[in-house]
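Input: a single structure, listed below in structure tokens.
The values are calculated or read from the model by the stated rules, or taken from the named source; none is laboratory data. What you are looking at is a predicted structure, and each value in this text was computed from that prediction instead of being measured. Cβ: placed from backbone, ideal geometry, glycine included. Neighbour counts: every protein chain shown. Keep in mind that these areas ignore ligands, DNA and RNA; they rest on the heavy atoms of the full protein, side chains included. Shrake-Rupley method; radii C 1.70, N 1.55, O 1.52, S 1.80 Å.
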Amino acid sequence: MSMEVIVGLLTNIVLLMSLSVVYSLFTNETKLSRFSSKLVMGISVSIVGFIIMSTAVEAEPGVFFDGRSVLMLLSGIFFGIVPVIVGGLSLSFFRITMGGSGVIPGILWVIIPGIIGVVWRYIRIKKESTDLSKINLLEQYLLLFITQVLMVGLLFFFPARVSLEAIAAVALPLALFYPIGGLAVSAFMLKQRINYFSAIEIKDREQEYKDLFNKSASYSFIIDPESGKFFNVNQAAIDKYGYSYEEFTNLSIYDVNLLGREDLDKLRDKKDKENSGYFRVKHILKNKEIMDVEVRSVYLTLEGQVYTYATVTDITDRIQHEAKYQDVNVKLETTLHSVSEGIISTNEYGEIEIINDIAKDYLSVSSKVIGKSITDVVKIYSKDHNLDFGQIFNSTIRNNESFKSDKPYLLINNNNDLNLYVDFSLSPITFDEVIRGSILVFRDVTNQFEQNEQIQFISQHDYLTGLFNRYFLEVEMKRLDTKRQLPISIIHGDVNGLKLTNDAFGHIEGDKLLVEISDILKKATRSEDIIARWGGDEFIILLPQTTEANAKKVLARIRDLQIKSMYEIMKPSISLGLATKTDETQDLSNVLIEAETEMYNNKQTDGKHMRHEFLSNLEKRLYNIHPELGKHAFQVSSTAKEFGEYLKLDEDDLSLLIIFAAYHDIGWINIGEELLLKTDNITEDEREIINSHCEVGFRIMKSIPELSGIAELIIAHHERWDGTGYPFGLKGKTIPYLSRILSIIDAYDMMINNSIYSPFRTIPEALKELDTHKGTQFDPGLVKEFIKLHTNKKK
């Protein structure tokens, strides 16, 4: 590579620099239209190109090398399509006039770089998302380098026109020197472009400011912050204050303020420290009127100079209205803080502006929540947690529709997670059909909710057992009577021995038996099964989607739990019946009747067995407490058999008398252990309780069909011949015959067997005592026969 070639190529690089001068001319303001500017740019590119091509290096006859490829690439990047077309056509024509064997590749050296430049311009330079300052030197260099390599490589496609020797002579400077020179030009032009658009943006902003300033309805001022002098004022201020523009420029803020200079400077210094540009002051108009104003100011830089930009609003009427309605506002605020509801109001952004004391108390918050988002402070949820306050608030604002809860919602306290139930309403605040905020009103209905829940529970549940009641079961039977729930099984149960338990131990113990049975039923069933107390001692279990086989497993679990029960009085017993609906056409009510029928059939067997067991348990319980009563019952039974045979009673009466004798004191089971063993200092009330054992015994035996015949005998066995006995005061032969017999035997046994209720007597003494009380306490004829029996025995 000769020195002549190097010098020629370097000259071309220097000439390329003129392109940046052309670009800088067009980044300044011009009176030409956009198209005209682009056309002139194209002509300028052509001129620079003519000069460059005129100083081209002739590598061999008719083959010229110069910087036209770099020129067209940069023109495409920074000037655009029109200049590239104009320049490209001009330079192509010029190359044709130069002639030689390299005309065609020479023209391609004009066209291809121009296309590459335009494409890159729209991919990078013109793209809105591109930050021009982020286009670095490496990116620019690589674009120039790759383009030059591409152009050199293009020559190899024309071996007949450009020799390899010519390519070798210029390849290195073209690939290395031209990209470096082009990089300098590209970097300069990119900087020019950045500065140009920055200047346009600044200019546009200044123009926007001027338009805003001059057209603003507010009174606007630009003030020198040091001297306080007015630098500029808008027309609205001129019209309001009454000064001309020239007069204003000779005035300062001190001339229009009612405050003195010192007080005003103190106020300005205070606001600067608070970083606040808001003032409320009084201004003096040219006509000496006083105007209350609101001033908002910011610092503004214009043409490198810092100014204060102030907008002034006349608030004279507002101040007057505030004064006029101050009393009303005080009353409204007092009302707000005295109502029993919690009240929160927000601005259009959902930020809390007002919250009364009730709301603070409900939420456990302070006034520090002012300015916070209401959805961050208020935690309200539906009972099932499927809907929260945030969703309700967003829907209310989005649809501009009020919301009122139709049921209590859960409010979570911010401090201790205490739950309240509230009714609330949320409404948007609108002005001129624009939402300006919202207001939330809520009140604590926890007590009411809990009462309603309790009422609902009571209306659906049995108060004693906690199971569902008959009403709820009937509703559920209708609800569940669908094909999807088939098969549906029903278990009907009737508690055995409830009346016996009530009679023997009182209704409190009977209630305990019902509760024990209820617990057994709950343990034996699934959570989805429905157990209801159907009546006094009847229970129904509704088993949806349960086959008869699976329902029988429930029966087995119930019977097993009865056996394992720890209930003290007896083993709980419930007779059960089962029926299953398997077909959609079956009436569920008839299925219930089937279960009831089976239950009553089973009860015939279950009841008899239970009564026998119950009576046996009663005896054991009673005689464990008072063993003497057991001995007494045995002895009285034995004596009753002997005396009955003596009196020649028929077989039925004799059998009845013996059974009566065995159970005549069964009513003592309800007296209570302490009173049962008490022998002295018995009060009138205690005596009345003791005497009630006859009635208790009557009720027990009346509840046992097999022994109901002795019930009337038991209740009368403490009646007296003279009518002074208890409980009815029966007299003479109105007292049942067997009861008169037993009263003699009962008293006799008490006397001769050292009872705690009677002092011990010998047999003669006892017989004499009976004889003494014949005609008053005892049947005289029966006493006479009883004495004869023992006299004959002695003989």
Subject >> Residue among PRO487, GLN777, ILE116 farthest towards the positive dipole end of the chain, charges placed on Cβ >> reply: ILE116
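Based on DSSP H runs of at least 4 residues, each adding -39500 (n - 2.57), what is the mean residue ellipticity at 222 nm of the chain after dividing by all its residues, to the nearest 500 deg cm²/dmol?
Details: 31 runs with 444 residues, N = 795.
Mean residue ellipticity at 222 nm (helix-derived): -18000 deg cm²/dmol.
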Original post:
Taking a 1.4 Å probe, which of VAL152, VAL119 shows the most accessible area, and what order do the others take after it?
Top reply: VAL119, VAL152
Subject >> Using alpha-carbon coordinates, inclination of helix 588-625 to the longest axis of the chain, degrees >> reply: 60 degrees
**OP:** Give me the lysines in straight-line cross-link reach of LYS379: C-alpha distance below 21 Å, same-chain residues under 8 apart excluded.
**Re:** LYS360, LYS368, LYS404, LYS407
Original post:
Whole number please: convex hull volume per residue of the Cα set in region 339-450, in Å³?
Top reply: 98 Å³
**OP:** Place a +1 charge on the Cβ of each Lys and Arg in the chain and a -1 charge on the Cβ of each Asp and Glu, then give the dipole magnitude about the Cα centre in debye, rounded to the nearest 20.
**Re:** 2500 debye
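Determine the gain in length on full extension of the stretch THR772-ASP511; use 0.36 nm per residue of separation and subtract their C-alpha separation, reporting nm with one decimal. All intermediate terms of the calculation are to be shown ahead of the outcome.
Values: separation 261, 0.36 × 261 = 93.96 nm, distance 4.74 nm.
Fully extending the segment from THR772 to ASP511 adds 89.2 nm.
By how many nm would the segment from GLN456 to LYS784 grow when fully extended, if each residue of separation counts as 0.36 nm and the alpha-carbon distance is taken off? Please report the intermediate quantities before stating the final value.
Working: separation 328, 0.36 × 328 = 118.08 nm, distance 6.92 nm.
Between GLN456 and LYS784, full extension yields 111.2 nm more.
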Original post:
Ranked by accessible surface with a 1.4 Å probe, highest first, in what order do SER655, SER69 come?
Top reply: SER655, SER69
Original post:
Taking the Cα centre of each part, how many Å lie between region 90-129 and region 566-598?
Top reply: 101 Å
Subject >> Angle between the chain longest axis and helix 164-215 axis [Cα atoms, degrees, rounded to 10] >> reply: 70 degrees
Original post:
Taking R0 as 30 Å, what's the FRET efficiency between SER616 and GLU476 from their Cβ-Cβ distance, rounded to 0.05?
Top reply: 0.15
**OP:** Could you do me a favour and compute the accessible area per residue for region 412-474, 1.4 Å probe, result in Å²?
**Re:** 61 Å²
Original post:
What is the helix-to-structure angle for 470-480, meaning the angle in degrees between its Cα long axis and the longest Cα principal axis of the chain, kept from 0 to 90 and rounded to the nearest 10?
Top reply: 50 degrees
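Need one number: convex hull volume per residue for region 461-604, Cα atoms only, in Å³.
Working: hull volume 13.9 nm³, N = 144.
Cα convex hull per residue, to the nearest whole number: 97 Å³.
Applying a 10 Å radius around every beta-carbon, put 366-375, 638-647, 713-722 in order of their mean neighbour count, most first. Provide the component values of the computation, followed by the final result.
Working: 366-375: 13.8, 638-647: 17.9, 713-722: 22.9.
Packing order, densest peptide first, comes out as 713-722, 638-647, 366-375.
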**OP:** Quick one: accessible surface of LEU138, probe radius 1.4 Å, all protein chains present, in square angstrom to the nearest 10.
**Re:** 110 Å²
Original post:
If each Cα of the chain is one equal point scatterer, what is log10 of I(q)/I(0) from the Debye formula at q = 0.05 Å⁻¹?
Top reply: -0.68
**OP:** Hey, can you find the accessible area per residue of region 479-585 for me, probe 1.4 Å, expressed in square angstrom?
**Re:** 44 Å²
Original post:
Is region 216-319 rounded, prolate or oblate when judged by the Cα gyration tensor, a ≥ b ≥ c being the square roots of its eigenvalues, rounded requiring a/c under 1.5 and prolate requiring a/b larger than b/c?
Top reply: rounded
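Using +1 on the beta carbon of Lys and Arg, -1 on that of Asp and Glu, and nothing else charged, what's the dipole of region 524-611 about the Cα centre, debye to 20?
560 debye
Quick one: ranking THR547, THR605, THR446 by accessible area, 1.4 Å probe, largest first, what do you get? Please report the intermediate quantities before stating the final value.
Values: THR547 60, THR605 95, THR446 20 Å².
Descending accessible area places them as THR605, THR547, THR446.
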Subject >> Normalised contact order of the chain, rounded percent, pairs of Cα under 8 Å and 6 or more residues apart >> reply: 5 percent
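Suppose R0 equals 60 Å. What FRET efficiency, 1/(1 + (r/R0)^6) with r the Cβ-Cβ distance, do ILE563 and TYR349 give to the nearest 0.05? All intermediate terms of the calculation are to be shown ahead of the outcome.
Working: r = 70 Å, r/R0 = 1.17.
Given R0 = 60 Å and the Cβ-Cβ separation, E is 0.30.
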Subject >> Charge-dipole axis of the chain as Lys and Arg at +1 and Asp and Glu at -1 on Cβ define it, positive-most pick from LEU411, GLY42, THR396 >> reply: GLY42
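Quick one: which of LYS229/LYS288; LYS631/LYS774; LYS512/LYS553; LYS282/LYS372; LYS523/LYS552; LYS733/LYS793 span more than 22 angstrom between C-alpha atoms? Working shown, then result.
Values: LYS229/LYS288 20 Å; LYS631/LYS774 26 Å; LYS512/LYS553 26 Å; LYS282/LYS372 34 Å; LYS523/LYS552 15 Å; LYS733/LYS793 28 Å.
Beyond 22 Å between Cα atoms: LYS631/LYS774; LYS512/LYS553; LYS282/LYS372; LYS733/LYS793.
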Original post:
Looking at region 626-793 from every direction and averaging, what is the projected area of its Cα convex hull in nm²?
Top reply: 9.4 nm²
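Give me the 1.4 Å probe accessible area per residue for region 679-723, excluding ligands and nucleic acids, in Å². Could you put the intermediate results ahead of the total?
Details: 2140 Å² over 45 residues.
About 48 Å² of surface per residue is accessible.
Of all the accessible heavy-atom surface of the chain, with the other protein chains kept in place and a 1.4 Å probe, what percent is carbon and sulfur?
Numbers: 23070 of 42080 Å².
Accessible surface attributable to carbon and sulfur in the chain totals 55 percent.
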